[in-house]
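Computed from the coordinates by the stated procedures, all read-outs in this text should not be read as laboratory data. Bear in mind that the values here come from a model prediction, so they are computed numbers and not experimental data. Don't worry about glycine lacking a Cβ; one is built from the backbone with ideal geometry, like all the others, and counts go over all protein chains shown.
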Amino acid sequence: MTTRSLPVIEFVLPAASPAGPRPAAPADARVAEFRPEDQALPRFWVWTLGCQMNRSDSEEMAGRLLAAGCAEAPGMEAADLVVINTCAIREAAEAKVIGRQGALAALKEANPALRVVLTGCAVRERDRAGLRRRFPAVDLFLRPDEEPELVERLGLASAQGAVGLAGAAGSPAPSGVAAPPGVVAAPPRTAATTLVKGVAVSAADHLAGSRADAVASGAVRRESAVAAWLPIIYGCDKTCTYCIVPFSRGPERSRPFDAVLDEARALAAAGYREITLLGQNVNSYGHDLPAEARFAHVAEARRAGRQIDRASRPDLAELIRAIDALRGPDGSPAVPRLRFVTSHPWDLSDRLVDAMAEAPAVCAALHLPVQSGDDEVLHRMGRQYTIAHYEERLGRIREAIPGIAVSTDVIVGFCGETEAQFGATLRLLETIRYEQVFAAAYSPRPGTPAMRLPDDVPAAVKRERLNRLLAVQEEIGFARNRERLGSIASVLVDALERPRGHDHDEEGAEPPAATLAGRDPFAAPLPDGWVRLAGRSRENRLVHLAGPAELVGSIVDVRIEAAGPYSLRGILA
Ligand code: SAH
Ligand code: SF4
Ligand code: F3S
């Protein structure tokens, strides 16, 4: 079981000797080779904010650092290298990191060897001066597409190849760093930077190629030993006017079909039971890949402001069917559970719906962000669909996959949103009855097209609408969960506590006074040797249960005995 908790945000300022007893850097570089390498290399700590894409990217960065011979520090205050993987989706996400600059500066004062790297969506090329001003404790900024260069740029790959922060840990960077047994360090790739639609990105195949290297060499340190993230497409070509992601992550770049399948195969061989395919818009997968005869049957033109020809190129439907068809040595399905996030309603194709219905591995859950229940607001948001289109797509999915759990994202208080328009969103929630809604107040993001619209909904009104919406949804989610009382859920036991979920920290945490419907299976003491466990049903519901710790990693049937607004409780059936 390798699940680790997310990095601690609260860290204590160290006393005199911050990093604990550490060997002094050798005065003479020639003696470096006589010192154990792990002591010469920085101990790192990765602080990850934001969505699953960031969590997946952090797995790759941690894996690369481990493969380079670095060790993970037990906490931020004990690290010589802090990597902050930022999110910029709302101002609050960036503010969290800005608010830590003082504490980081104090850590650096106590440990002069400490270096801070800032990467993720807050790093945008056009804004270098602003970055240094807002994040003064940072030594090195890397755009998301530069993350594979982390080890190289820190001078940890080889003494000769040191760029930027050579000797970051106060000692010469060792050459010929040995990877841990069985791990071959991925060859460094340095990207050539190009401008695409005004956004600086590395050469088009850079991320896909470096990911394949990292996977092949074992340089991905996964959060869980049970469920894995698998990135299939980087960037976003959509033009939602409020959104920073296309500016942070650049245009869409799909990983080659066979590279994704290879990673899925490797995950299955390593014992993973569930794979979640990741992309800002997974429905776009493949449109930018070369045409191939084996995909001749994929013929669908996709409109994306321009006409994109899909003919003879793989799509998500093709990909999930191929992963579903993978078989283990005994002929059983190699990947028993398959998910994907996020789907844009606009290009959710019939081919995809059919593949979801026909591929048994695909879980009966879909995250389909709607953002608003009003067409005019959707238009201002640049979402490219109407509520009628959204409902038609959802109807088609619910018809093809009865009982599918649907979740969504909503923004309240977008520019010009009237009370009536907000009311339309509340009504939509009541008609659709989502299992789960991730809602946030609109936060203007510098550089996005919506900056040209007045941010005219007062903060207090945004807050009040958000609270009303959350209250409405809590009722709906609770009712949805009560409908599952007495049913049997197939649960992948993921953790001894609560397993990973969507990108919202508060998910799964029942409010203290929350009502629990049904009979609480935890009211009585647990049998000897049993512990509390948690996992997700195929419908992506968080299920708490009890059993022997060895159940982690198994798929078990659970009878649902109690329901709260955000999770279920059950007993082994
Ligand atoms: N690609 C995904 C979403 C990525 S961002 C999609 O299209 O659904 C996750 C969510 O953050 C979005 O769905 C949206 O609801 C929210 N979000 C994005 N920009 C925002 C902003 N400026 N203010 C508030 N919420 C925002
Ligand atoms: Fe942002 Fe829209 Fe792209 Fe999602 S689809 S990442 S909301 S621009
Ligand atoms: Fe945040 Fe970037 Fe994800 S802005 S939500 S970390 S894609």
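By how many nm would the segment from E392 to E550 grow when fully extended, if each residue of separation counts as 0.36 nm and the alpha-carbon distance is taken off? Provide the component values of the computation, followed by the final result.
On the way: separation 158, 0.36 × 158 = 56.88 nm, distance 4.40 nm.
Taking E392 through E550 to full extension adds about 52.5 nm, to one decimal.
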Check: Separation between the A420 and E464 pseudo-spin-labels, each 7 Å from Cα along Cα→Cβ, expressed in nm?
Finding: 1.9 nm
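Sorted by average packing, counted as other Cβ atoms within 10 angstrom per residue and highest first, what order do 238-250, 54-66, 479-491 take?
On the way: 238-250: 21.6, 54-66: 23.3, 479-491: 17.8.
The peptides rank, most packed first, as 54-66, 238-250, 479-491.
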Checklist line | Extension reserve of the E292-E72 stretch, reckoned as 0.36 nm per residue once the Cα distance is removed | finding: 74.9 nm
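Just rank K462, K96, fewest to most, by other beta-carbon atoms within 10 angstrom.
Ordered by Cβ neighbours within 10 Å, fewest first: K96, K462.
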Margin query: Order these by the 10 Å Cβ neighbour count, fewest first: C236, C415.
Written below: C415, C236
Item checked: Two-site label geometry, A225 and R427: point separation in nm, points 7 Å out along Cα→Cβ -> 5.3 nm
Check: Rounded to the nearest 20 Debye, what is the dipole magnitude of the range 371-483 about its Cα centre when Lys and Arg each give +1 and Asp and Glu each give -1 at the C-beta?
Finding: 240 debye
Check: Taking a spot 7 Å from the Cα of D354 along the direction of its beta carbon, which residues of the range 383-417 have an amide N less than 14 Å from it?
Finding: 400
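Relative to the present Cα-Cα distance, how much length would full extension add between V472 and A325 at 0.36 nm per residue of separation?
Details: separation 147, 0.36 × 147 = 52.92 nm, distance 4.07 nm.
Working it through step by step, the gained length comes to 48.8 nm.
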